[in-house]
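Novice: Below you'll find the structure I mean.
Only the coordinates and a few stated rules stand behind these numbers; no lab work does. Only a predicted model underlies this, so the values are computations on that prediction, with no experimental measurement involved.
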Amino acid sequence: MMRVLQHEQIKQPPAASARLSNPTEVLVSSGKIYASEFRQNRVVFAKTATREGRHEWRVFADRGPHCRRQKQGGVDCAILDGPWGLACYEKILFIASFGSDQVLAFSKKSRRFLYSLGSSEDLDSPEGLAIIDTTLYVASFLDSRIVAFDLTENSSSRTIFSGDPIDIDYNAGIFISASSRQKKQDNNYLPQLRGPEQLLAIQTPKYLLVSSLHNDSVLLLDPIAGALLRADLGNVVDGSLGMAHVPSHAAHLFRYDISQQNDLLLLASYRDDDVFVLDLYADPLEPGLAATSLGLLTTTADDRHIANPSAANSLHRILRGPAALALDPANPASLYVACYESGSLLFFNLSSSSPHQHVMIESVSSSGSTTTIKNRHEDAKKEKRRLINEDL
């Protein structure tokens, strides 16, 4: 392992209580839920949802700075500036830091900062994270690259795929092609790769899914062979962003007549405020590539298990801007939906006998943010450029 976890015996102060706000990513691991909060510059965690209780959110990591003495001398410091992607590797939680162009590593047990990966030389506004075997993949948003780090050795980053960089027109408030920026001549150039955001790893076979709300696309990639396998998955959903993978052996839990043979892909529509299911490996020439709504907007809510009971009859208002999805490895039919615009995390039991009668176990809502993903990018990049200008 690249770095040995040390000082685990040193007790950390108790984690501070928190209230969920504008989650950009959600991860379920070892009975805990982790959620990144972009605007709050922190990551929070709680126990997985049950009918017996509500979430009690606590701060896992805040803005920092986070520092650690190195064995060879000196201090390694990093700031959590706009956390986005989350990924677990053994006893480590990795967090992508959009504003500082780094990936921060923390001990899951002690919450202590361990080290950081990357810099502005390697990454440009990292977002999604995914791990396959011992390789950490990072979605580098502004320069449209998928970057890999080997977690078993002190190796430099490698660009696995590259696309056309993007920029922001602040007057119009839109993303544009970065024509003034020289495109790096990397291998495995993909014109379909623009502004990668969420990443999803499929362990068998070793594939990588990349979504982009900016480019309205979902790409299925083979990172080992450096190949694009399909680019049509985003065509069936408007505003694709959050993703979750359902292996074929668990597809029966969803009780949807899409495929009994193939894996399923759950895909969140940020614009339609819904989650869809589709056959991941359906032949694109056949009519099988179609997205079916999970029917979350027709969910029957149970007031007794909602952290905000007044929202029981307002699921349309809560399920706004779904940015991330996560399935509980211990229960593949348990779906968590992180809603950025409403500041909510929703939990659904998808194994109901009726596909439109899922039960919403818990909802944690913020004070009603109207922030959009576009605002989030603009704010972060303006601040980043301001800091760069001050340095110059």
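Novice: Students often get this wrong, so check it: of LYS108/LYS206; LYS71/LYS206; LYS47/LYS71, which have C-alpha atoms separated by over 28 Å? All intermediate terms of the calculation are to be shown ahead of the outcome.
Specialist: Details: LYS108/LYS206 25 Å; LYS71/LYS206 35 Å; LYS47/LYS71 34 Å.
Flagged as over cut-off: LYS71/LYS206; LYS47/LYS71.
Novice: Right, next: More than 14 angstrom separation, counting every C-alpha pair in the range 29-95; what % is that?
Specialist: Values: 1437 of 2211 pairs.
For the range 29-95, the fraction of Cα-Cα distances above 14 Å is 65 percent.
Novice: Give me a comma-separated list of calculated 3J(HN,Hα) values for the range 131-137, in order, Karplus coefficients 6.51, -1.76, 1.60 applied at θ = phi - 60°, integers in Hz, x for any Gly or Pro.
Specialist: 10, 10, 6, 10, 10, 9, 9
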